[in-house]
Amino acid sequence: MDHTRVEACLLQDHHGKRNAQISPGTRGVRTDRYGGHVWRSGRCLHLPPALAVALAVAVGLAASGCGDRPDGRPGRDQSGSAWTRVTLLERDPDSSVPLRTANVRVADVDGDGSLGYLVSEPTAGRLVWLRNCDVDCDPLALAEGLGAPVRVHPADLDADGASDLLVADIGALAQTDAPVGRVVLLVRTGPSQFRPEVLLDEVGRVACAETGDLDADGDLDVIACIFGHRTGALVWLEQKAGRFVRHDLRAEPGAIHAFPFDADGDGDLDIAAVFSQNLEEITLFRGDGAGSFTQEALFTAETHLYGLSGIELTDLDQDGDVDILVTNGDYFDAVPVDYADLDALHGLAWLENDGSGQFDWHDILRTLGAYSVRALDVDDDGDLDLLLSALRNEDILPPTERATRGLWLLRNDGEQNFAPTPIVDGPSHIITLDTLPETHGPAFVAGSYPLGSVGPEHRRLELFTAVRSNR
Ligand SMILES: [Ca+2]
Ligand SMILES: [Ca+2]
Ligand SMILES: [Ca+2]
Ligand SMILES: [Ca+2]
C-alpha cells in the first residue's frame, strides 16, 4: 500500500508531544534539545543532539520556526504568519486512476487520543483512514462495499461504544439521474475492521450523510442529500429497532450539505441545508423534536450561476448561538464564462443567527471558486478567523490567477470584519478543509481535487500549521 505512504516526518519530544514536522520534499533538519529528525530514504530518522545541531546549521534551518514550501521557500502570508506545509498524501503516479480528494475530516475515530484523518477518494472508490497521526499517520484503505465515496462522518450509530463510519456514496461523479447513490454505514467490528451495511440505495447520486437524533428518541438518525441530477431529495432516515426508515424533507435535486443543529435554542434539532442546481438556496428545516420539520428559505440567489458550494456551521461571533458560513464558487456547469464576472459573483458570506433562528446575511469576500471554509483562531487573539479555499480552474483562468488565490486567511478584527490575505502560493485545487483541535496549535488539513489533469505538483492531502511569529 505504498500509494498511501505518508510523506511526513513527525517530531516528538521525549514526552511524546509533537512539536514540528518535515517532509521529504524539504531539505532540512528539525531539532530540539533532545535531538533532531531528518527525512532520509523514505524514513524519519532520529539524530543525537550534537549531530542534529551540526546538520541543521549546515542546511540553514535550525529550528527557525519558519515553514518551508516544497520548493524550499518559506510559506508566509502577507500579514506575517508563517505556515509549515507538509504533504500527508502525495500524488501517486503509479495508481491506475488519478487520485483526487473530495473530502477530509479530522477525527479520533478509534478514541485512542491520537489524531486521525478520514479522506474520501471517489475516483479510487475508497476511503483512506490515516490513523495515529500524532505518531506516524498509519494509513488504512477501506474500499469494501464502497462505490464512489464523497464524504464520511464518524458516528456510533449502533451505540456499541465504537465509532462507525457513515459514508455518502455518490455512485457516479458525472451527471446522471440513474439510481446509483447510496448511504453506506461501515460498522466497526474491531480496531481496524469494518462491515459495510447499506442504509439507503436505489436513489440518485448521494452527496452528504450526517447524523443527529432528529426525533429525540435517544438513537442517532441520518440526514442524506440525494443530490441526483434533474430529480433528487433531501431525506432523513429514522433509526427504528436497528432499521432505517426514509422520510422525505424536500423533493428537489441539488442538495450538497445538510447539518443538524439547534437553530432556535429550543432544545430540539433543526437542519440547515444547501440546495444548488437551479434552486441556489440555503434552507432551514425547523424541527418540532418529534421528527416533523417546517421549511423556510434563509437565502435564495438571484442567478443559477451563483454556484452555492457549501455551508459550515460555527458560532462565528461567539455569542452562544450557531451561525452559518456560506460559500459559492461552483462553476462546473457554467462554462464558457467570463472569469471576471464570476470573480465578482463568487465568495464567502455568513448568516448571523439572532439566537431565535432568524438569520442576517453578511458578505465577507468575493473571489472566484470559493469552496470550503473553516473557522480557526489563527492569531490567538480570542476571535475566530477564517480559512477559505478556492478552486482555480486552469481552463478558464489566466495563468497569473491560477495559483495565487487558492487559499486565504481572513483575519477577524473582533467585530467580524475580515481582512483577507493569501496563505501561500501554489495550491489551486483545494476543495476541502478541516481544522485540527486547539491542542495541535492553529493547524488545518487541505485536500486537493484537480479539475483537469493531475500534474506532478498535485498533493492529495497537506497539513498546514501556523507559526505565531507576529505576536
Ligand atoms: Ca432518533
Ligand atoms: Ca430547535
Ligand atoms: Ca453566533
Ligand atoms: Ca483571531
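The values are calculated or read from the model by the stated rules, or taken from the named source; none is laboratory data. As the structure is a prediction and not an experimental result, all values here were calculated from the model. Don't worry about glycine lacking a Cβ; one is built from the backbone with ideal geometry, like all the others, and counts go over all protein chains shown.
Tabulated results
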item	result
Selection count, segment 261-305, where residues are assigned to a loop (DSSP other than H, G, I, E, B) and touching a His at 6+ places or on another chain (Cβ under 8 Å)	4
Yes/no for P139 being part of a loop (DSSP other than H, G, I, E, B) and not charged (D, E, K, R)	no
Residue match in segment 183-202 (condition: buried (at least 19 other Cβ atoms within 10 Å of the Cβ) and among the small types (G, A, S))	no
Pick from segment 451-462, criterion part of a strand (DSSP E or B) and farther than 18 Å from V150 by Cβ, ranking: modelled with the lowest pLDDT	R459
Selection count, segment 284-320, where residues are buried (at least 20 other Cβ atoms within 10 Å of the Cβ), under 26 Å from the mean Cα position of the chain (by Cα) and within 15 Å of ligand 2 (Cβ to nearest atom)	3
Test result for D158, over 20 Å from the mean Cα position of the chain (by Cα) and not in a strand (DSSP E or B)	yes
Yes/no for E197 being at pLDDT 95 or above, in a strand (DSSP E or B), within 24 Å of E121 (Cβ to Cβ) and away from ligand 1 (no atom under 16 Å from the Cβ)	yes
Within segment 251-267, tally of residues that are crowded, with 18+ Cβ neighbours inside 10 Å and without any contact (Cβ under 8 Å) to a residue 60 or more places away in the chain	9
Set G171, G218, G228, G212: member being closer than 18 Å to F275 by Cα and either more than 16 Å from ligand 3 (Cβ to nearest atom) or not hydroxyl-bearing (S, T, Y) (or both)	G228
Search result, residues across segment 249-269 that are within 16 Å of ligand 3 (Cβ to nearest atom) and of a type in the set (G, A, S)	A263, G265
Test set (1) touching a residue at least 40 places away in the same chain (Cβ under 8 Å); (2) within 16 Å of ligand 1 (Cβ to nearest atom) - S292 fails condition number	(1)
Complete set of residues in segment 140-167 that are crowded, with 21+ Cβ neighbours inside 10 Å, farther than 14 Å from R195 by Cα, in contact with an Asp or Glu (Cβ under 7 Å, 6 or more places away or on another chain) and among the aliphatic types (A, V, I, L, M)	A148
Count - residues of segment 212-236 that are outside any loop (DSSP other than H, G, I, E, B), buried (at least 22 other Cβ atoms within 10 Å of the Cβ) and more than 16 Å from ligand 2 (Cβ to nearest atom)	6
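Residue by residue, here is whether (1) of a type in the set (V, I, T); (2) at pLDDT below 90 holds:
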{"position": "D380", "(1), (2)": "no, no"}
{"position": "L386", "(1), (2)": "no, no"}
{"position": "P398", "(1), (2)": "no, yes"}
{"position": "N417", "(1), (2)": "no, no"}
{"position": "V424", "(1), (2)": "yes, yes"}
{"position": "A443", "(1), (2)": "no, no"}
{"position": "Y449", "(1), (2)": "no, no"}
{"position": "F464", "(1), (2)": "no, no"}
